[in-house]
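Asker: One structure, as structure tokens, below. Some questions next.
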Amino acid sequence: MIAKELITDSVSTLHTSDTAIYALSLMEEYRISHMPIVNNEDFLGLISESDLYEFADIEAPVGAHRLSLNKAFVTDNQHVYEVIKLADEFKLSIIPVLDAKQKYLGVIRLADLTHYFAQLAAVDQPGGLITLEMNYHDYSVLEIGQIVESSDARILSLYYVQLPDTTKIEVTIKINRNDLEPIIQTFNRYNYTIVSSIFETDEEELNDRYDSLMNYLNV
């Protein structure tokens, strides 16, 4: 997925003539902590909630304030992983999207990114989770897939995180079945270190949790 596919039109823009108090009211309405400043189609930058609270006069125009986030944006054809990287780097609640001519197209809300990754991780699908620990150089998606499929199961999602100050990673696998014991036994035979295993037995409860997550993200 690329950035333009996640653009929302539910967040309006600020103009340089808009006041700080107006910007704060919009942030409260949208439940975000940044707002884009745009004149016509020209993106001037983001202003943050903390920037606005530094205003001596809350009726002063936002254009009078120096913008510290004037380079915080992605282009419409950048991959969603690059969007996530930028959001994390600048701790953004929204990510502006520009076209190839540097014209403003809209923003991506952090909540929409989280929603997308929740679907990507198959959190709404019944099944089990197995977390493995290994050295990075021992990581093989092919071998992990073969082990899971040898027990007549399928991987719904897979991701890993680097463990701080080590060469090790934790690999989390979402599998389309609750009976994980045969898969765990196979991982043990291949000398994998299993950190944890979790399974969902109540599909209705799983759906309720997913719906609650989505409702929270849409607040």
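Bear in mind these aren't lab numbers, they're just calculated from the coordinates by the rules spelled out. None of the values given here were measured: they were computed from a predicted structure. Note: ideal-geometry Cβ built from the backbone for every residue, glycine included; neighbour counts use all protein chains shown.
Asker: Taking the Cα centre of the chain as origin, work out the dipole magnitude from +1 charges on Lys and Arg Cβ and -1 charges on Asp and Glu Cβ, in debye rounded to 20. Mind dumping the intermediate values first?
Answerer: Values: 15 positive and 35 negative charges, 137 e Å.
Its charge dipole is roughly 660 debye.
Asker: Can you give me the angle between helix 80-90 and the longest principal axis of the chain, using Cα atoms only, in degrees from 0 to 90, rounded to the nearest 10?
Answerer: The angle comes out at about 60 degrees.
Asker: Report the calculated FRET efficiency for Thr16 and Phe117 (r = Cβ-Cβ distance, R0 = 35 Å), to the nearest 0.05. Show your work: numbers first, answer last.
Answerer: On the way: r = 34 Å, r/R0 = 0.98.
After rounding to 0.05, the efficiency reads 0.55.
Asker: Each label point is 7 Å from the Cα along the Cα-to-Cβ direction; what then is the distance between the points at Lys71 and Asn39, in nm?
Answerer: Going by the 7 Å Cα→Cβ label model, 2.1 nm.
Asker: Sticking with this structure for a sec: Would you calculate a helix-derived [θ] at 222 nm for the chain, using -39,500 (n - 2.57) for each DSSP H run of n ≥ 4 and dividing by the full residue count, to the nearest 500? Can you show the working numbers first?
Answerer: Numbers: 7 runs with 71 residues, N = 219.
Dividing the helical sum by the residues of the chain leaves -9500 deg cm²/dmol.
Asker: Could you give me D for the range 124-201, from Stokes-Einstein at 10 °C and 1.306 mPa s, where the hydrodynamic radius is the Kirkwood radius over C-alpha pairs? Units µm² s⁻¹, please. Spell out each step's value before the answer.
Answerer: Working: Rh = 12.6 Å.
Roughly 126 µm²/s, to the nearest whole number.
Asker: Using Cα positions and a limit of under 19 Å, work out the lysines in reach of Lys168, with same-chain residues fewer than 8 apart set aside.
Answerer: Within the straight-line limit of under 19 Å, Lys168 reaches no lysines at all.
Asker: Here's something else I'd like to know. Cα convex hull of the range 1-92: mean projected area in nm², to one decimal?
Answerer: On the way: hull surface 23.4 nm².
Result: 5.9 nm².
Asker: At q = 0.07, 0.10, 0.13, 0.17 Å⁻¹, what log₁₀ I(q)/I(0) does the chain have when each alpha carbon counts as one equal point scatterer in the Debye sum?
Answerer: Results for the chain at q = 0.07, 0.10, 0.13, 0.17 Å⁻¹ read -0.33, -0.61, -0.85, -1.10.
Asker: With charges set only on the Cβ (+1 for Lys and Arg, -1 for Asp and Glu), what does the dipole of the range 124-201 come to about its Cα centre, in debye to the nearest 20?
Answerer: Details: 5 positive and 11 negative charges, 13 e Å.
Using only the charged Cβ atoms, the result is roughly 60 debye.
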